1. Shape verdict for segment 401-457, please, from the Cα gyration tensor: rounded (a/c under 1.5), prolate (a/b greater than b/c) or oblate.
2. Helix 48-60 sits at what angle to the longest principal axis of the chain, using alpha carbons and giving 0 to 90 degrees rounded to 10?
3. Calculate, for residue 7 and residue 192, the FRET efficiency according to 1/(1 + (r/R0)^6) with r their C-beta to C-beta distance and R0 35 Å; round to the nearest 0.05.
4. State the antiparallel share, in %, of DSSP beta bridges confined to the chain, rounding to the nearest 5.
5. Give the Debye-formula value of log10 I(q)/I(0) at each listed q (0.11, 0.19 Å⁻¹), with one equal scatterer per alpha carbon of segment 77-224, two decimals each.
6. Would you mind checking the radius of gyration and Dmax of segment 187-320 based on alpha-carbon positions, in Å?
7. Could you give the Stokes-Einstein D for the chain in µm² per second, using the C-alpha Kirkwood radius, 37 °C, 0.692 mPa s?
8. Normalise the Cα radius of gyration of segment 5-97 by 2.2 N^0.38 Å (N = residues in it) and let me know the number.
Ligand code: 2HG
Ligand code: ZN
């Protein structure tokens, strides 16, 4: 049966611009962790004008659209639902522009440019885009989810590094807000509408980012901590003494590292894994002749350990690469271990130990077969709780997921003043909790904005109103 929308898209975008064969569509229909649907077709525009034309055609046909970057998101927000009626708008061909203004320290990029591609282009100029993470997303997707990553402590999230955007609204209107200025107080800064709002107000086609000078030296240590309080004590001491050069403070719980060693033949930093291993990184653009980071870190860690009554059990200084490899292998090691239900939580940093203990107690009491692994960005109050159980061990997986979410999200939000989505954004995976926790006045505002930016209400897989 012919599909007039697909025919019209093909006429506008050419053969390379549309994919509708089921086998070719498959990789656009499956998210990295959650999200499994069926697309009506995949549209692959190669310019802003083509994105606009695609959205105009979809609006004319009343077709719902989900924008998709590298599809590395973790809340199912970049895949179509199961209806078979949604068009996936892939930005993968919109990836040509990377225009650096070195003196301004800004770069104009297409939304479909990959983070790795951008950093490769910046490297010869001594710059990098410092929102740094294990995956390799596209810049447009990073804007839509307001990616945080492992160096947020020093550089902030995407919002902190984004100067301007170009977006296409639901009816195909192109809105250019490609501000290149760091200072520009001239009314509404509309880019914020599109940061972290999961593509429901428009599709990001270009962005102006500020880039950072690439550090010329880094030094890293792994510090064995007896408990969460010891981790927080270490963090406070490092911020007090070395705050100017502290660029990462990541934490890996014992079970998370056990999983990594089960699946990877990597060097063990400690004979026995401690309750928490804190990955501490210092970095600077100064040469080591001017500032010896290695010596500084070793001396400060030693001095701090002496004050902690053995709560700091051990510390190893060493190759950042080895330590970061441990950190970046956690997610997929857990996936090899079993069925994973992920929680991307933040709480005030002071509450991290108590929150984690509350979850551990709840699981021990009600779900003894579920393993709690925790790790994450303690420097920013972020903790990833990944709950794991053997594949196939649970008869009604969905019922267990619902029960666990209903117990843990309120603990984070209501008891500990936290967020149910610290950095992965809102998607079908956590829509229910957006509905529950978002302020009704904010939802009303979102409705008004959505009606204006996307009159047909065709964009995205979540509702913020
Ligand atoms: C990380 O920090 C990512 O490694 C993924 O945000 C977290 O797997 C997860 O849940
Ligand atoms: Zn994370």
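1. Prolate, because a/c is 1.5 or more and a/b exceeds b/c.
2. The angle comes out near 60 degrees.
3. The calculated FRET efficiency here is 0.40.
4. Of those bridges, close to 85 percent are antiparallel.
5. Evaluating at q = 0.11, 0.19 Å⁻¹ gives log10 I(q)/I(0) of -0.43, -1.18.
6. Values for segment 187-320 (Cα only, Rg and Dmax): 19.0, 58 Å.
7. 140
8. 0.99
No lab work stands behind these numbers, since they all come straight from the coordinates. Small disclaimer: the values here were computed from a predicted structure and weren't measured. In this analysis, Cβ positions are derived from the backbone assuming ideal geometry, glycine residues included, and neighbour counts consider all displayed protein chains.
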